[in-house]
Amino acid sequence: MNWQVKFALENINNHFKKAGSAEHIADDAIRISIHDRPDTLAIISASCEITIEIAKQYHEKFPDLNFLCGYRKECVWTGEAINYLSNAKIGWGNAGTLYSALSDNNVNIASHKDYFFSYRLITQMGVVRSIEREFDRVFNIDLANGRKLRVGMLLEYEPTADAVRSFWEKFGPVDVMWNINPNGDPTNNALAAGRDLGCGVMKWSEFRELILRR
């Protein structure tokens, strides 16, 4: 049994011990049984990046798959993988997303909880003509006024210059680094690093103003 499967089983069984249980099926697959609900078949993957090829392989091997979990904290999801899973009505995200989805009984439609609300906020903006997701934390938007923006979502409580530069190096140039954590603000060094790179490091109020600007 792989390490991530072992930890997932322990956490799920501890969390739902009065309402259900989880068991290992094969490879990275587990079955979760919660009283008065259909069983959930979940993959607990240790991959650092979930691509469409990986998503398809898991789905082909386990056609009844309900949720694909990227267990590593640093796991990144490509936009193609996200679209594939969403179209197949397979939930996706980290361990926290899986546990929340089990509690909310929406595993088949769940998406990464760290980015869900911010991404949905953008999709609901009337001035956004189209949106393309490259990664779980990177998307391109076409605005009604003809402008195009490539946007990265930063999770850090108070992003530092190193966080800004590391994001840029890993995902490439962006026009905006949107600090989506509501509880903190980018450091002055992070703002300066963004200016040096040619992008804005922003909270929602500033980003919203940029989107709505004519």
Next on the checklist: If I take the Cα coordinates of segment 147-189 and project them onto the principal axes, what are the three extents in Å, biggest first?
Outcome noted: 28, 20, 16
Item to check | Point-charge dipole on Cβ atoms (K/R +1, D/E -1) for the chain, about Cα centre, debye to 20 | outcome: 520 debye
Checklist entry - Can you pick out the pairs among Lys6/Lys61; Lys61/Lys148; Lys6/Lys113; Lys113/Lys148 whose Cα atoms lie more than 29 Å from each other? => result Lys61/Lys148
Item to check | Hull-based mean projected area of segment 1-57, where the convex hull spans the alpha carbons, in square nanometres | outcome: 4.3 nm²
Next on the checklist: Can you compute the modelled spin-label distance between Glu74 and Lys56, with each label point 7 Å from Cα toward Cβ, in nm?
Outcome noted: 2.8 nm
Checklist entry - Whole number please: convex hull volume per residue of the Cα set in segment 85-151, in Å³? => result 84 Å³
Checklist entry - For segment 14-87, what is the convex hull volume of its Cα atoms per residue in Å³? => result 96 Å³
Next on the checklist: Per 0.36 nm of contour for each residue apart, how much would the distance between Asp162 and Asn183 grow if the chain were fully extended, relative to their Cα-Cα spacing?
Outcome noted: 5.6 nm
Checklist outcome for this item: So, with points 7 Å from each Cα along the Cβ direction, the Asp175-Glu206 label distance in nm works out to 1.6 nm
Item to check | Projected label distance in nm at Asn106 and Ser21, using a 7 Å step from Cα toward the beta-carbon | outcome: 3.0 nm
Checklist entry - Once the Cβ-Cβ distance between Gln124 and Asp64 is put in as r, and R0 is 35 Å, what FRET efficiency do you end up with, to the nearest 0.05? => result 0.60
Checklist outcome for this item: In the chain the DSSP beta bridges are antiparallel at a rate, in percent to nearest 5, of 60 percent
Checklist entry - Working out 0.36 nm times the residue gap between Arg31 and Arg195, then minus their Cα-Cα distance, what length gain in nm do you get to one decimal? => result 54.2 nm
Checklist entry - For a paramagnetic label modelled at 7 Å from the Cα of Asn140 toward its Cβ, which residues of segment 156-196 fall within the zone defined by backbone nitrogen distances under 13 Å? => result 173-175
Item to check | Base-10 log of normalised Debye intensity for segment 39-170 (one unit scatterer per alpha-carbon) at q = 0.16, 0.19, 0.22 Å⁻¹ | outcome: -0.85, -1.12, -1.34
Checklist entry - Residue by residue, what Karplus-based ³J(HN,Hα) values in Hz, rounded to whole numbers, does segment 176-182 have, using 6.51, -1.76 and 1.60 with θ = phi - 60° and x for Gly and Pro? => result 9, 10, 9, 7, 8, 5, x
Item to check | Unit charges at the beta carbon, dipole of segment 61-154: most positive-side option, Tyr84, Ala101, Tyr119 | outcome: Tyr119
Checklist entry - Any idea what % of Cα-Cα pairs in segment 133-214 are farther than 15 Å? => result 52 percent
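Any read-out appearing in this document is the output of simple, stated calculations on the displayed coordinates, not a laboratory observation. These figures come from a predicted structure and were not determined experimentally. Quick reminder, even Gly has a Cβ in these numbers, built from the backbone with ideal geometry, and neighbours come from all protein chains shown.
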